[in-house]
Amino acid sequence: MVLELCEDNAGLLSSVTVLYINTDEDEYKEELIAILSKYIKNIIVTDNLKDAKEKAEGRDIDILITDFNLADDESMNFPMYIHRCNPSCSIIIYTSKNDPEHLLEAINMKVDKYIIKPSNFKEIIKAIINLAEHAFTLKALYSIVPEKSTHLDTEAYDTISQTIDELRAIIAKMAAQHCIESMPIIHSLKGIIERMKTLLKNSY
């Protein structure tokens with residue numbers, strides 16, 4: 001398969017780091033790995049969670065592609081482990097499980113994309129491109145709220161307080177609409193709010 005990518009998309013794929021875990025022996029596995037490796041410069045491929053954790057240690061993972069099983073706590077907890085280590089990391093669930101229970105749990109896990117196997121590989125590449133943009137945007141937002149803060153003057157304090165209130169209002173409105181597509185944005189905004197609250201607490 002050959003994809004025609006614009007310069008910006010090709011640039012995103014060349015700079016993003018993807019961790020792909022596939023524990024299934026499906027017929028499309030090797031083909032998908034070959035396609036991902038062709039377009040993504042920094043891709044980590046593994047077939048088990050232990051190896052994935054070792055390979056992800058100390059690395060900046062932008063996108064995780066994995067599956068999960070409701071009966072397997074380790075597979076369910078791993079996406080959240082990666083997300084704790086990489087707050088701007090996006091999560092794609094690539095699975096053959098097309099049932100309400102798994103879909104609901106995926107929403108609870110705050111995944112960004114749920115793709116059913118077998119899927120058009122172009123859909124996966126498109127999802128990676130979109131989530132790469134999302135990851136880089138989040139990195140930029142996180143970078144403006146430092147872990148260790150300095151003293152804020154009254155004007156700065158009031159500005160950040162107002163921003164927190166505005167973000168809370170946006171989250172409440174989006175949550176009230178029950179829009180699944182908005183969930184990744186809602187969770188990202190909540191994370192930013194928590195860091196801004198810490199900044200205020202330590203700086204005034």
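The values are calculated or read from the model by the stated rules, or taken from the named source; none is laboratory data. The model shown is predicted, which means the values in this text are computed figures rather than measured ones. Because the Cβ atoms are built from the backbone with ideal geometry, glycine has one as well, and the counts that use them run over all protein chains shown. The protein model used for the area step is the full one, side chains on, heavy atoms only, and it has no ligands, DNA or RNA in it. Shrake-Rupley method; radii C 1.70, N 1.55, O 1.52, S 1.80 Å.
Below are the figures for this structure:
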{"read-out": "Å³ per residue enclosed by the Cα convex hull of segment 57-115", "value": "73 Å³"}
{"read-out": "Pairwise FRET efficiency - residue 107 versus residue 74, Cβ, R0 = 25 Å, nearest 0.05", "value": "0.80"}
{"read-out": "Stokes-Einstein D for segment 43-141, Kirkwood Rh over Cα pairs, 37 °C, 0.692 mPa s (µm²/s)", "value": "236 µm²/s"}
{"read-out": "Pair residue 55, residue 26: separation of 7 Å Cα→Cβ label points (nm)", "value": "1.8 nm"}
{"read-out": "Solvent-accessible surface (1.4 angstrom probe) belonging to residue 109, in square angstrom, nearest 10", "value": "10 Å²"}
